[in-house]
Amino acid sequence: QVQLVESGGGLVQPGGSLRLSCTASTIVFDLYAMGWYRQAPGEQRELVAIISKDGDTNYADSVKGRFTISRDNAKSTMYLQMNSLKSEDTAVYYCAARNSTSLSANRFDYPYWGQGTRVTVSS
């Protein structure tokens with residue numbers, strides 16, 4: 001059973017920063033492509049950023065230049081550094097994994113998901 005555990009969410013003021021982490025267990029982490037998705041109330045889950053096992057990345061246009069996705073294969077952990085946060089970034093952020101060498105932005109290509117961590121951007 002693949003386990004993904006997110007952490008690092010919380011309340012932050014507009015313009016602030018947060019770093020999310022996703023730690024994986026029971027998988028050979030460095031063989032998996034990983035991604036961050038988010039879901040705001042009443043909205044569909046959407047792509048934030050994805051990273052291949054080799055470190056290739058792709059970002060949603062709404063977060064380019066503000067968010068950075070990275071991974072530490074030795075720690076089986078993926079990160080999302082979020083800077084210049086806006087109120088519209090408020091959502092539950094989910095970690096996702098797929099056993100593939102290729103990137104995919106399609107959330108239905110990810111069979112494994114964490115429980116999510118809530119990010120609230122508000123003054």
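Just so it is clear, none of the values below were taken in a lab; they were calculated from the coordinates. What you see is a predicted model; the values in this text were computed from it and never measured. Using ideal geometry, Cβ is built from the backbone for each residue, glycine included, and neighbour counts are taken over all protein chains shown.
Run through all the Cα pairs of region 1-96 and give the fraction in each 5 Å bin from 0, expressed as whole percent.
The calculated distribution, bin by bin, is 3, 14, 26, 25, 18, 10, 4, 0.
Starting from 0.36 nm per residue, how many nanometres of slack lie between SER70 and SER100 once their C-alpha separation is accounted for? Intermediate results must be reported in sequence, preceding the final value.
Numbers: separation 30, 0.36 × 30 = 10.80 nm, distance 1.70 nm.
Extra length from SER70 to SER100 when fully extended: 9.1 nm.
So for the chain, averaging the separation of alpha carbon pairs under 8 Å that are six or more residues apart and normalising by length, what relative contact order in percent results?
Over the chain, the number comes to 37 percent.
FRET efficiency for VAL5 and ALA40, Cβ-Cβ distance as r, R0 = 35 Å, nearest 0.05? Please report the intermediate quantities before stating the final value.
Details: r = 22 Å, r/R0 = 0.62.
Taking R0 as 35 Å, the efficiency between VAL5 and ALA40 is 0.95.
Using Cα-only point scatterers and the Debye equation, what is log10 of I(q)/I(0) for region 73-123 at each q in 0.31 Å⁻¹, rounded to two decimals?
The calculated log intensity ratios at q = 0.31 Å⁻¹ are -1.24.
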